[in-house]
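The numbers here are math on the coordinates, done by the rules we state, and not lab data. Note that the coordinates shown come from a computational prediction; the quantities given were computed from them, not determined experimentally. Please note: Cβ atoms are built from the backbone with ideal geometry, for glycine as well, and neighbour counts cover all protein chains shown.
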Amino acid sequence: MKIRKLNRAVHRDLGYFFFGMCIIYGLSGIALNHRHQWNPNYIITQDSFLLRLPEEEVNGNREKAMHFLEQIGREDEFRTALPSGESLRIFIRHGSITVNLQTGRADLETIRPRPVFRQVNFLHYNTPRRLWTWFSDLYAAGLIALAFTGLFIIRGKNGIRGRGAWLVSAGILIPLVFLILYFSS
C-alpha cells in the first residue's frame, strides 16, 4: 500500500473513530471558556417574594419553614431550615429560600443540572478517572496523529508546500503570540 493512501486511511479512520470525542471536547471547551458569564453545569434561577409572616408565635425552624413554603407551594420539597440572624434559610430540593423574619422578603434560588453541558464537562474534567483517563489519552494521541496525517492529505499548491504551509504557520504563530503577550506582562 502506498504511503499516501495509508496516510489518508489513517486520517479518515481516526476522524471517524474520534468524532464523538471531538464533539464532547468542543462543546465543553466552549462552555469552560465562558464559565465566568454562566455556569456550564447548572441552571441557577433566582426569584423574590413577599411572604406573610406568621400571625402567632411559631416555635421551631421546621414549623416556620413550612409556614413559608406553603405560601409558594413548595412544602413537599422541604429538607431542613437553619436560622441566621434575622433570617431563616430553608433548604429545599434543588435549592434554598432565605426569608427575612422581620419583613417577610424571601429570596429563592433553584439549581438544576444543565442538560448536555453538565455531562460533557464531567468527561472533560476527567471526573470518572480510571479507564476514562486511558481513553482520553488515546484521544489526545489521536489528535496528534490527525494533525500530522492531515498535513499530507492534499497535494500541490493547496497542500503543505503551498497554502497549507501558510495556514499551519498561522495556526502555530497565533497561540505563540498569545503566550508571549500573557507571559511577558
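Taking 0.36 nm per residue of separation and subtracting the current Cα-Cα distance, fully stretching the chain between Gln46 and Ser84 would add 11.7 nm. Full extension of the chain segment joining Phe19 with Asn33 gains 2.9 nm, where the gain is 0.36 nm per residue of separation less the Cα-Cα distance.
Ranked for footprinting exposure by Cβ neighbours inside 10 Å, fewest first, His67, His94 give His94, His67.
If R0 is 35 Å, what FRET efficiency do you get for Leu167 and Leu138 from their C-beta distance, rounded to 0.05? Efficiency, rounded to the nearest 0.05: 0.85. Pairs of Cα atoms in the chain fall into 5 Å distance bins, from 0 up to the last occupied one, in shares of 1, 7, 10, 11, 10, 10, 9, 8, 7, 6, 6, 5, 5, 4, 2, 1, 0, 0 percent.
Given +1 at the Cβ of Lys and Arg, -1 at the Cβ of Asp and Glu and no other charges, the dipole of region 15-124 around its Cα centre is 660 debye to the nearest 20. Taking 0.36 nm per residue of sequence separation and removing the Cα-Cα distance, the Glu75/Glu56 pair yields an extension gain of 4.9 nm.
Helix 19-33 and the longest principal axis of the C-alpha atoms of the chain enclose an angle of approximately 50°. Here the calculated FRET efficiency for Phe183 and Arg4, from their Cβ-Cβ distance with R0 = 35 Å, stands at 0.30, rounded to the nearest 0.05. Here the translational diffusion coefficient of region 42-113 follows from Stokes-Einstein with Rh set to the Kirkwood radius across Cα pairs; for 37 °C and 0.692 mPa s it amounts to 271 µm²/s. Our helix-only sum for the chain, with -39,500 (n - 2.57) per DSSP H run of n ≥ 4 divided by its residues, gives a mean residue ellipticity at 222 nm of -16500 deg cm²/dmol. Find which of Val58, Gly159, Trp38 sits farthest along the positive direction of the dipole of the chain, computed with +1 on the beta-carbon of Lys and Arg, -1 on that of Asp and Glu, about the Cα centre. So the residue furthest toward the plus end is Gly159. Comparing Cα centroids, region 38-58 and region 129-185 end up 49 angstrom apart. Candidate cross-link partners of Lys157 among the lysines, defined by an alpha-carbon separation under 24 Å and a same-chain spacing of 8 or more, comprise Lys2, Lys5.
The dipole here belongs to the chain: it is taken about the Cα centre, uses +1 on the Cβ of Lys and Arg and -1 on the Cβ of Asp and Glu, and is about 2120 debye. Tally Lys/Arg at +1 and Asp/Glu at -1 over every other residue whose Cβ is under 15 Å from the Cβ of Gly73; what's the total? Result for the neighbourhood of Gly73: -2.
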